[in-house]
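Here is the structure we will look at, set down as structure tokens.
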Amino acid sequence: MRGFHFSNFQPDDLPKGGFDELLKLFTQLLNYTAGDAGEALAWMNELDKKYKFTNNEYGMGDFIDDLKEKGYLKENPANGDLSITAKTEQTIRKSALEEIFGQLKKAGKGNHNTNISGIGEEKNADRREFTFGDSLDQIDITASIQNAQINHGIANFTLTERDLEVEEKDYKTLTSTVLMIDISHSMILYGEDRITPAKKVAMALAELIKTRYPKDTLDIVVFGNDAWPISIKDLPYLQVGPYHTNTFAGLELAADLLRRRKTHNKQIFMITDGKPTCLKENGRYYKNSMGLDRKVVNKTLNMAAQCKRLNIPITTFMIAQDPYLQQFVREFTQINGGRAFYSSLTGLGEYIFEDYIKNRRKTVR
């Protein structure tokens with residue numbers, strides 16, 4: 001039969017009741033309400049009426065009391081308004097990290113070993129003979145003893161330098177990253193919410209770096225008519241504005257932030273769904289959202305070339321499918337010498353995490 005058959009949506013991941021289950025739903029809803037606790041709780045009440053995930057033993061009132069008691073919510077004494085705490089902000093980041101890593105595991109994606117190894121931090125599958133200058137912690141004792149028994153027999157145990165077997169390790173470098181997030185109005189146009197997945201990825205990447213790569217640095221830049229940096233704790237509250245897309249300003253600020261970093265490895269990740277449509281000249285905005293404006297595009301491409309001269313590759317994650325936009329991204333990427341991914345909203349986190357972990361590894365002898 002041709003056409004589409006529609007049926008009622010039956011969610012299969014609703015909470016079964018209890019604080020931990022309801023907390024997961026609450027943190028997810030906070031992503032959509034830009035950190036507004038009152039609105040998220042109102043949504044939960046409506047969902048509870050329909051799907052009945054609370055019961056007589058544990059209701060929404062109990063859940064709200066527990067949120068306050070456990071330090072997830074604070075109440076304004078003046079007007080009684082509820083707001084989330086730093087503990088909740090961290091919980092949202094952890095939840096985003098677990099969600100994206102869960103997708104990576106499910107898809108069979110993960111860390112990529114490098115082709116050449118050397119003195120480093122993380123073991124890989126490569127083995128070789130011991131050479132002068134290798135550190136003792138690289139020697140695989142079990143394999144070396146086995147080699148000695150094979151080479152010299154078991155009766156009179158002898159271990160020589162040629163029996164020693166060394167485990168290779170990957171060397172992981174320090175990396176400074178600027179994550180640019182497009183907050184122009186197009187990120188919520190046409191009934192598609194693009195800002196929430198971008199925000200989730202930013203929170204998850206921040207938590208990944210903070211917990212697994214604490215020596216790395218992450219700066220976050222948002223760009224609309226202008227560009228400005230935001231802190232990690234501001235991410236849950238990030239919203240789209242009535243803005244055009246000043247990609248040039250975002251890149252200029254990102255490059256300036258990276259210039260101040262002392263690390264050798266620097267990169268920009270840019271999440272966007274559209275073309276550059278805005279510049280700021282002499283305190284005034286030049287805007288044109290009709291097609292690709294030559295003036296705006298050329299200045300943006302010049303900034304991509306400048307980043308290349310500064311050895312700052314730009315990885316663009318394009319979450320729109322328009323062919324002429326993709327053509328712009330191809331030209332932008334070619335000029336910068338970076339990379340581009342044309343990603344769906346569901347695959348955005350997988351692309352960014354795989355690319356980040358892969359490209360922070362250096363191979364040395």
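The values are calculated or read from the model by the stated rules, or taken from the named source; none is laboratory data. Predicted model only: the values in this text are computed from it and were never measured. Note that each Cβ is placed from the backbone with ideal geometry, even for glycine, and that neighbours are counted across all protein chains shown. In case anyone asks, the SASA skips ligands and DNA or RNA and just uses the protein heavy atoms, side chains included. Shrake-Rupley method; radii C 1.70, N 1.55, O 1.52, S 1.80 Å.
Could you grab me the full set of residues in segment 314-338 that are open to solvent by 40 Å² or more (accessible area, probe 1.4 Å), farther than 16 Å from Gly291 by Cβ and touching a residue at least 12 places away in the same chain (Cβ under 8 Å)?
Listed by number, the residues that qualify are Gln321, Ile335, Gly337.
Hey, any hits in segment 250-263 for a residue that's surrounded by fewer than 23 Cβ atoms within 10 Å (Cβ to Cβ), touching a helix residue (DSSP H, G or I) at 6+ places or on another chain (Cβ under 8 Å) and touching a residue at least 40 places away in the same chain (Cβ under 8 Å)? If you could, list the steps in order and put the result at the bottom.
From segment 250-263, those surrounded by fewer than 23 Cβ atoms within 10 Å (Cβ to Cβ) are 252-253, 255-263; that's our starting set.
Restricting the remaining residues to those that are touching a helix residue (DSSP H, G or I) at 6+ places or on another chain (Cβ under 8 Å) gives 252, 255.
Among the residues that remain, those that are also touching a residue at least 40 places away in the same chain (Cβ under 8 Å) are: 252, 255.
Checked against the condition, which is being surrounded by fewer than 23 Cβ atoms within 10 Å (Cβ to Cβ), touching a helix residue (DSSP H, G or I) at 6+ places or on another chain (Cβ under 8 Å) and touching a residue at least 40 places away in the same chain (Cβ under 8 Å), segment 250-263 yields at least one hit.
List the number of the failed condition for Gly291; all other conditions in (1) over 23 Å from the mean Cα position of the chain (by Cα); (2) modelled with pLDDT of 85 or more; (3) in a loop (DSSP other than H, G, I, E, B) hold.
(2)
Considering each of Leu41, Leu14, Leu29, Leu22 in turn, give the residue that is more than 18 Å from Tyr237 (Cα to Cα), open to solvent by less than 50 Å² (accessible area, probe 1.4 Å) and at pLDDT 90 or above. Reasoning before the result, please.
Values: Leu41 fails: more than 18 Å from Tyr237 (Cα to Cα); Leu14 fails: at pLDDT 90 or above; Leu29 fails: more than 18 Å from Tyr237 (Cα to Cα).
Result: Leu22 is the single residue among Leu41, Leu14, Leu29, Leu22 that is more than 18 Å from Tyr237 (Cα to Cα), open to solvent by less than 50 Å² (accessible area, probe 1.4 Å) and at pLDDT 90 or above.
Residue under question is Ile232, and the condition is that it be in contact (Cβ under 8 Å) with a residue 24 or more places away in the chain, aliphatic (A, V, I, L, M), open to solvent by 50 Å² or more (accessible area, probe 1.4 Å) and at negative phi; does it hold?
Details: in contact (Cβ under 8 Å) with a residue 24 or more places away in the chain: yes; aliphatic (A, V, I, L, M): yes; open to solvent by 50 Å² or more (accessible area, probe 1.4 Å): yes; at negative phi: yes.
For Ile232, the condition - in contact (Cβ under 8 Å) with a residue 24 or more places away in the chain, aliphatic (A, V, I, L, M), open to solvent by 50 Å² or more (accessible area, probe 1.4 Å) and at negative phi - is met.
Have a look at Gly80, Gly133, Gly110, Gly153 and point out the one that is at pLDDT below 65 and either among the aromatic types (Phe, Trp, Tyr) or open to solvent by less than 90 Å² (accessible area, probe 1.4 Å) (or both).
Working: Gly80 fails: at pLDDT below 65; Gly133 fails: at pLDDT below 65; Gly153 fails: at pLDDT below 65.
Just one listed residue meets the conditions, Gly110.
Answer yes or no: is there a residue in segment 301-319 that is modelled with pLDDT under 80, in a helix (DSSP H, G or I) and farther than 20 Å from Thr217 by Cα.
no
Looking at (1) in contact with a helix residue (DSSP H, G or I) (Cβ under 9 Å, 6 or more places away or on another chain); (2) surrounded by 18 or more Cβ atoms within 10 Å (Cβ to Cβ), can you tell me which one Asp293 breaks?
(1)
Name the pairs whose Cβ atoms lie under 6 Å apart, with the first residue in segment 277-300 and of a type in the set (A, V, I, L, M), the second in a loop (DSSP other than H, G, I, E, B), and 6 or more positions between them or separate chains?
Cβ pairs passing all conditions: Leu292/Lys275; Val296/Pro276.
Consider Asp65 carefully, then state whether it is at pLDDT 85 or above, surrounded by fewer than 17 Cβ atoms within 10 Å (Cβ to Cβ) and part of a helix (DSSP H, G or I).
Criteria met by Asp65.
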